[in-house]
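Worksheet: the structure to be examined is printed underneath.
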């Protein structure tokens, strides 16, 4: 919708067989979705892909040409199923090379006793990659052009993202307001469609819920211009009152 | 990997701005991932896309030609932001038409008092679609060729999937065994790579964890041939014992 297409955009690529097999529930996408929204960067798409070089490379190439930022999570550890660096190298048609500073950090962290070839593999990155600091467990992520390669372990992914945050350019923050209407979605649908026509620059989402056997609808207004969101909100309240439904304002962030 | 590429494959497309904005944490993908695995259907990819006809249609077309099954969730309600049916119709280049049986069910459920044009919109589907029953709130999902269109509300999506389960053809169930090794991933990586070379038909995943300040690695073996998984398991235990690490067997399904 117009409201979130203005400004910067992003995609997230979650890499890992364990997510697709149902073994692990991904926590990185919800985190990145919230963080990007708070920066005014519109997350436009996410993909979850297996630990396979060709599939990851294809997803990276599909997303990096289309969005301002691409964030990947997972697949940068020391084992045979960690193939993200090789996949990103293939996507950019660059050789995979050992990054000297990454190697230095790994050798310092593990010491001569514990460093081995598997651990050094974590220093292999596409040529020209810039390191992303890992304050938790040292092994760095990396950035190449607009692609940011983060760890899969949620605590490490978060720490890496925190370090990047200051360097990411968003648009104006997205303003969000939620109205909870105690009426089924089907009875406010017409009013919402009319409101959407009147405010094409405000994204109007409608999320039905069944809570303690009460039926209702959370209506979420989102946009980059706070004044327009406020105007749409006032018009919405007026329409809902005219329909005679009870309603309450939420502070946003609730689940619909 | 070979182990999960044999047999039937699937993709899941989660539709909804509320997931991408971080407002709602999706629960349908973890559910479908587990269910498909239990049916022996390999989930190969998932995409999360916004409520936009062109973007949804493109994702549906990318996935339906590539995988045996495609499941979508979300965007089939009565409001203006429910555009999944229109998007799937566009993907198949078919007109969107009112399904007579879906209309009949909606009219019976809501009654003449409460039926309205917004609610009848939930009977609009691509020409030739077959209904997917909704035992919770009546408004049906639909199937067209290999694309199954489910609701976004998790309880409804689950009920719809339960009804479909008997008609889905999987391969032999995937056998999964997990070994927890009390050693860092980087110290078992070499052994795992050798094991993967010896058992190319068994998918070997490695997931490090930090738990109560103990470092360890969950090693997950998955494959369609139980005997091969058992043989790989025995070889893995032998290698880990030779390395002198403590380990314990898990029943699987834990989080790595």
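The values are calculated or read from the model by the stated rules, or taken from the named source; none is laboratory data. Here the structure is a predicted model, which is why all the values come from computation and not from measurement. Here Cβ is always computed from backbone atoms with ideal geometry, including for glycine, and neighbour counts include all displayed protein chains.
Worth pointing out:
- The listed residue being surrounded by 21 or more Cβ atoms within 10 Å (Cβ to Cβ), within 11 Å of chain A (Cβ to nearest Cβ) and touching a residue at least 12 places away in the same chain (Cβ under 8 Å), out of B:156, B:202, B:181: B:156
- Residues satisfying the stated conditions in region A:112-145, i.e. surrounded by 14 or more Cβ atoms within 10 Å (Cβ to Cβ), over 22 Å from residue A:165 (Cα atoms) and within 14 Å of another protein chain (Cβ to nearest Cβ): A:115, A:116, A:118, A:119, A:120, A:121, A:122, A:123, A:124
Yes or no, residue by residue, for (1) more than 11 Å from chain A (Cβ to nearest Cβ); (2) touching a strand residue (DSSP E or B) at 6+ places or on another chain (Cβ under 9 Å):
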position: B:81; (1), (2): no, yes
position: B:95; (1), (2): yes, yes
position: B:99; (1), (2): yes, yes
position: B:152; (1), (2): no, yes
position: B:163; (1), (2): yes, yes
position: B:166; (1), (2): yes, no
position: B:172; (1), (2): yes, no
position: B:176; (1), (2): no, yes
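- Qualifying residue in region A:13-26 (condition: under 14 Å from residue A:152 (Cα atoms), surrounded by fewer than 19 Cβ atoms within 10 Å (Cβ to Cβ) and either free of Cβ contacts under 8 Å to residues at least 60 places away in the same chain or more than 8 Å from chain B (Cβ to nearest Cβ) (or both)): yes
- Failed criterion for residue B:103 (all others in (1) more than 21 Å from residue B:173 (Cα to Cα); (2) modelled with pLDDT under 95; (3) surrounded by fewer than 23 Cβ atoms within 10 Å (Cβ to Cβ) hold): (2)
- The single condition among (1) within 10 Å of chain B (Cβ to nearest Cβ); (2) surrounded by fewer than 23 Cβ atoms within 10 Å (Cβ to Cβ); (3) modelled with pLDDT under 95 that residue A:39 does not meet is (1).
- Checking each residue in region A:42-58 for being under 9 Å from the mean Cα position of the chain (by Cα) and at pLDDT 95 or above picks out A:43, A:44, A:45, A:46.
- Every residue from region A:37-59 that is out of contact with any helix residue (DSSP H, G or I) (no Cβ under 9 Å at 6 or more places or on another chain) and either more than 12 Å from residue A:7 (Cα to Cα) or not assigned by TED's automatic domain parsing to the domain that holds residue A:72 (or both): A:38
- Here the condition is being over 21 Å from residue A:17 (Cα atoms), touching a strand residue (DSSP E or B) at 6+ places or on another chain (Cβ under 6 Å) and assigned by TED's automatic domain parsing to the domain that holds residue A:17; of A:104, A:143, A:114, it holds for A:143 alone.
- Complete set of residues in region A:128-164 that are under 15 Å from the mean Cα position of the chain (by Cα) and closer than 15 Å to residue A:99 by Cβ: A:149
- Residue check, residue B:231 more than 21 Å from residue A:154 (Cα to Cα), touching a strand residue (DSSP E or B) at 6+ places or on another chain (Cβ under 6 Å) and not assigned by TED's automatic domain parsing to the domain that holds residue B:39: no
- Criterion: under 30 Å from residue B:56 (Cβ atoms) and free of Cβ contacts under 8 Å to residues at least 60 places away in the same chain - qualifying residue of A:66, A:94, A:114, A:119: A:66
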